[in-house]
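What follows is a short report on a single structure.
The values are calculated or read from the model by the stated rules, or taken from the named source; none is laboratory data. Since the model is a prediction, treat every value here as computed from it, not as a measurement. Don't worry about glycine lacking a Cβ; one is built from the backbone with ideal geometry, like all the others, and counts go over all protein chains shown.
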Amino acid sequence: MPSVKVTIDGTQIEADSKRTIIEAAREHGIKIPHFCWHPKLSVSGNCRMCLVEIEKMPKLAIACSTQVAEGMVVHTKNDRVVHARNAVMEFFLINHPLDCPICDEAGECKLQDYTYKYSTGYSRFDEDKVHKPKRIQIGPHVMFDAERCILCSRCIRFCDEIAGVHQLQFIQRGDHTELTTFPGEKLDNPYSMNVVDICPVGALTNADFRFKARVWEMSFTDTICQGCARGCNIEVGVRNNEILRLTPRRNDDVNSSWMCDHGRLDTFKFVNAENRIKAPMIRKDGVLVEVGWDEAIARVASELKSFKKSEIAALGSPFATNEDNYVFQRFAKEVLGTKNIDFARHSHEGDEDAILIRADKSPNSTGAAEVGVVPGDNGMSFNAIIEGIREGKIKALYALEDDLAALPGVAEALSKLEFFVVHAANDSATLRYADIVFAAATYAEKNGTMVNFEQRVQRVRPAVTTLELDRAMDGFEMSRWDKFASHNDKWGKGPRRDARSSWKIVASIAALMGTKFKYNTADEVFNEIAQRVESFRGLSYLKVGTKGTPLKAKTAASVHA
Amino acid sequence: MSLEKSTIIRKKDLSLLERLYIPEIVKGMTLTIRQMFTPTFTTQYPEERFQPPASFRGRPVLVEEHGVERCVACGLCSRVCPALAIEVQAGETELGKERYPEKFEINMIRCIFCGFCEEVCPEEAIIMSQEYELAFTNPQDALFGKDKLLVPIEKVQTRLDFLRSNR
């Protein structure tokens, strides 16, 4: 690609000639303020915030639509530019209602930030502001406030270009211009809530998160979405040890800058839910009774010994991490000695699209198979295990967190089991058949890794503390409240549940049955996976990083071995 | 260091009059008796109560206007509070202000009466009152919710006037 030399603010940079000034500057760490420009959307050039001076050009030009050229000299901070920027900001603030105190965007608002950075700090406008409709439910998950809108058209372009549905448009003219949906339509595409993230002001806000918390009260943890096999990179917003919202995190190899509404809304509420399993439970006289960890672990260890190896089956989980599944398959193969090990698939054929949503609704089915949750030689697969239970060949089943009873025909088979151990985070139909239930930590309460459908290993990080993890000691992200709340403040803490990572529970049962797994932390488990599983060879949590890394391809792995 | 080794400094330059002792007693008694006839500043507290000036920073209260709190639960007081005494949970209301505090709690054990919350409030909704009688026998009693914090605007008008005049 032909590259050109451009001087921006006295620094000479080399940029691809196809780049615009704003892109070239951004690649070299020079920030040019902008509202309507977005790296993933087409150029609109309507906000005029990115005006810069280009030598030998009579007027200021917008950096977002001017391509770089050889020998171009650009100024982004000189008096002429600053003066123009002040004027642009003044125009924006003429009709903006300044209701920051009630606006959910406050704290992460581009207009607010730029007002502090680039405006003069006062308004010369004495007349009445133009009033427009407020508090409109523009779609099932999005609230719209027309007064706050600065008409950047990012949301319109998002719907047109990324979501592929033409749902939004401007009507009226001049300062009466207003965003609206087409008559009779709602902003209801499966990616509608991304407009909330790209809206530079609080015009489009998250209806689910509405007034739940101010952004500065939360801590944000980098992790991945559990909604499907895509594994979109996300940030988890937590306050008082409770997840309040999920937002997408940019990763061009996985999800660009987006995530779907299903992932954003339906994959965190179970962590806060009332029906969380609060302690291990044992079935006594037909009822599940809460007991201590030691009692439940000892009971499982002694009961499992009373079955023949061929009578036991083990089901890993595509919802559990690689670490959980790896330790579990070692336990099944080495301690229980069974070859009947597999996991349930959750593929909803047809429920997928060409953007992000995958038919496989579990986040780690690739990883579960990769670390060894697959039937051994002549071992039974998932369907054979269920059939075996029906026929009475399998008498005992140990399953990681997965709602098996929800799968067609499985519930009836589960009722035939003599002994059924299950790990679960929430109450579900499966628990009706369980003899022993372990309270499992959710994805938001443990360290681990998952592998998406494209063979990419990505980190899951804890955002919510349980009794086994401490926010300060275990290196969680901390909000100001987390840092300064003391032991006698009832706020700033929230409930801490007595749940453990599945691999820890399995390891303690193995210890009682005579095999010691020597892991203290999830990364020690991962290091062992990296040593023993070919496709993970050489990886560590450090190498996986915040954005993940691809697994070694099967062919390359065999060469490596 | 032992007691024997420490040196004791004694004032030796007392004058004859001072050494006589009696005149000094008389001097002291004169002062005492004179004080008995000067006006007193003591307030007989439980019976008599101090009325603070408008500039006084007593316990923070929420202003109630037309039957509802002015507060829109923006959370700035909570953010600015150096002692982290304030907890706000916003909720949605049908009123024009859209947002109201579902829960507003000040931990009066933590509060240091700095008045930052009053200063930062964009709605003049939280202000420092003239109430200073705050004693608790139980830490739970020190958590003031909306029931204790809401005060009708008439009762705090002097403070509001003071704030206006000193802006």
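Can you name the number of the only condition in (1) touching a residue at least 12 places away in the same chain (Cβ under 8 Å); (2) not in a strand (DSSP E or B) that A:T247 fails?
(2)
I need the full set of residues from the stretch A:352-388 which are within 25 Å of A:V525 (Cα to Cα), assigned to a loop (DSSP other than H, G, I, E, B) and of a type in the set (A, V, I, L, M), in order please.
The answer is A:V371, A:V373, A:V374.
Could you tell me whether the stretch A:451-459 includes any residue that is surrounded by 22 or more Cβ atoms within 10 Å (Cβ to Cβ) and closer than 24 Å to A:E274 by Cα?
no
Within the stretch A:530-541, does at least one residue satisfy the condition of being touching a strand residue (DSSP E or B) at 6+ places or on another chain (Cβ under 6 Å) and within 22 Å of A:E445 (Cα to Cα)? Don't jump to the end; show me each part of the working.
Our first condition is that a residue be touching a strand residue (DSSP E or B) at 6+ places or on another chain (Cβ under 6 Å); within the stretch A:530-541, this holds for none.
Within the stretch A:530-541, none of the residues are touching a strand residue (DSSP E or B) at 6+ places or on another chain (Cβ under 6 Å) and within 22 Å of A:E445 (Cα to Cα).
For every residue, the table says whether it meets (1) touching a residue at least 12 places away in the same chain (Cβ under 8 Å); (2) more than 24 Å from A:S540 (Cβ to Cβ); (3) hydroxyl-bearing (S, T, Y).
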residue: A:Y398; (1), (2), (3): yes, yes, yes
residue: A:E401; (1), (2), (3): yes, yes, no
residue: A:P408; (1), (2), (3): no, yes, no
residue: A:A413; (1), (2), (3): yes, yes, no
residue: A:A440; (1), (2), (3): yes, yes, no
residue: A:Q455; (1), (2), (3): yes, no, no
residue: A:V464; (1), (2), (3): yes, yes, no
residue: A:M473; (1), (2), (3): no, no, no
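So A:E349 fits all but one of (1) under 18 Å from A:Q226 (Cβ atoms); (2) in a loop (DSSP other than H, G, I, E, B); (3) assigned by TED's automatic domain parsing to the domain that holds A:V287; what number is the exception?
For A:E349, the exception is condition (1).
Assess whether B:P139 counts as being in contact (Cβ under 8 Å) with a residue 24 or more places away in the chain, out of contact with any strand residue (DSSP E or B) (no Cβ under 9 Å at 6 or more places or on another chain) and facing chain A (nearest Cβ under 10 Å).
no
Checking B:V72 against (1) modelled with pLDDT under 95; (2) touching a Phe, Trp or Tyr at 6+ places or on another chain (Cβ under 8 Å), which test does it fail?
Of everything listed in (1) modelled with pLDDT under 95; (2) touching a Phe, Trp or Tyr at 6+ places or on another chain (Cβ under 8 Å), B:V72 misses just condition (1).
Checking the conditions here, which among A:E370, A:E311 is under 26 Å from A:N452 (Cα atoms) and among the charged types (D, E, K, R)?
One residue alone meets the criteria, A:E370.
Go through (1) more than 10 Å from chain A (Cβ to nearest Cβ); (2) over 15 Å from the mean Cα position of the chain (by Cα); (3) crowded, with 21+ Cβ neighbours inside 10 Å one by one and return the number of the condition B:C71 breaks.
Every listed condition holds for B:C71 apart from (1).
Among the candidates A:V437, A:V457, which residue alone is outside the structural domain of A:G548 (by TED's automatic domain parsing), in contact with a helix residue (DSSP H, G or I) (Cβ under 9 Å, 6 or more places away or on another chain) and β-branched (V, I, T)?
Among A:V437, A:V457, only A:V457 is outside the structural domain of A:G548 (by TED's automatic domain parsing), in contact with a helix residue (DSSP H, G or I) (Cβ under 9 Å, 6 or more places away or on another chain) and β-branched (V, I, T).
With the requirement that a residue be of a type in the set (S, T, N, Q) and under 22 Å from A:S306 (Cα atoms), what does the stretch A:365-417 give you? Please lay out each step first, then the result.
Here is the first cut: in the stretch A:365-417, the residues of a type in the set (S, T, N, Q) are A:365-366, A:378, A:381, A:383, A:415.
If the condition is that a residue be of a type in the set (S, T, N, Q) and under 22 Å from A:S306 (Cα atoms), then A:S415 is the only one that fits.
Any chance you could count how many residues in the stretch A:524-552 are at positive phi and without any contact (Cβ under 8 Å) to a residue 24 or more places away in the chain?
The qualifying residues number 1.
Would you say A:A522 is more than 14 Å from chain B (Cβ to nearest Cβ), touching a strand residue (DSSP E or B) at 6+ places or on another chain (Cβ under 9 Å) and of a type in the set (A, V, I, L, M, F, W, C)? Let's see the steps before the verdict.
Values: more than 14 Å from chain B (Cβ to nearest Cβ): yes; touching a strand residue (DSSP E or B) at 6+ places or on another chain (Cβ under 9 Å): yes; of a type in the set (A, V, I, L, M, F, W, C): yes.
Yes.
Could you please find all residues in the stretch A:20-43 being of a type in the set (G, A, S) and surrounded by fewer than 18 Cβ atoms within 10 Å (Cβ to Cβ)?
From the stretch A:20-43, those of a type in the set (G, A, S) are A:24-25, A:29, A:42; that's our starting set.
Those that are of a type in the set (G, A, S) and surrounded by fewer than 18 Cβ atoms within 10 Å (Cβ to Cβ): A:G29, A:S42.
Return yes or no: is A:I234 away from chain B (no Cβ under 14 Å), among the aliphatic types (A, V, I, L, M), touching a Lys or Arg at 6+ places or on another chain (Cβ under 7 Å) and within 29 Å of A:G475 (Cα to Cα)?
Yes; evaluated as a whole, the condition is true for this residue.
From the list B:F113, B:F136, B:F162, pick out the single residue that is within 19 Å of the chain's Cα centre (by Cα), part of a helix (DSSP H, G or I) and among the aromatic types (F, W, Y). Walk me through how you get there before you give the answer.
Values: B:F113 fails: part of a helix (DSSP H, G or I); B:F136 fails: part of a helix (DSSP H, G or I).
From the options B:F113, B:F136, B:F162, the qualifying one is B:F162.
Restricting the stretch A:152-182 to residues that are in contact (Cβ under 8 Å) with a residue 60 or more places away in the chain and surrounded by 19 or more Cβ atoms within 10 Å (Cβ to Cβ), which is nearest to A:F35 (Cα to Cα)? Working first, answer last.
Residues of the stretch A:152-182 that are in contact (Cβ under 8 Å) with a residue 60 or more places away in the chain, as a first pass: A:152-154, A:157-158, A:161-164, A:175.
Pick out the ones that are also surrounded by 19 or more Cβ atoms within 10 Å (Cβ to Cβ) and you get A:152-154, A:157-158, A:162-163.
On the way: A:C152: 7, A:S153: 10, A:R154: 9, A:R157: 13, A:F158: 14, A:I162: 18, A:A163: 20 Å.
The qualifying residue nearest to A:F35 (Cα to Cα) is A:C152.
State whether the residues of the stretch A:205-217 include one that is more than 14 Å from chain B (Cβ to nearest Cβ) and not aliphatic (A, V, I, L, M). Full working, then the answer.
Applying the first criterion (more than 14 Å from chain B (Cβ to nearest Cβ)) to the stretch A:205-217 yields none.
Checked against the condition, which is being more than 14 Å from chain B (Cβ to nearest Cβ) and not aliphatic (A, V, I, L, M), the stretch A:205-217 yields no hits at all.
I'm trying to understand the selection: among the residues of the stretch A:56-92, which are in contact (Cβ under 8 Å) with a residue 60 or more places away in the chain and crowded, with 19+ Cβ neighbours inside 10 Å?
If the condition is that a residue be in contact (Cβ under 8 Å) with a residue 60 or more places away in the chain and crowded, with 19+ Cβ neighbours inside 10 Å, then A:V68, A:M72, A:V74, A:T76 are the ones that fit.
Where residues in the stretch B:90-129 are of a type in the set (S, T, N, Q) and surrounded by 18 or more Cβ atoms within 10 Å (Cβ to Cβ), which of them is nearest to the other protein chains (Cβ to nearest Cβ)?
Applying the filter and picking the extreme gives B:N107.
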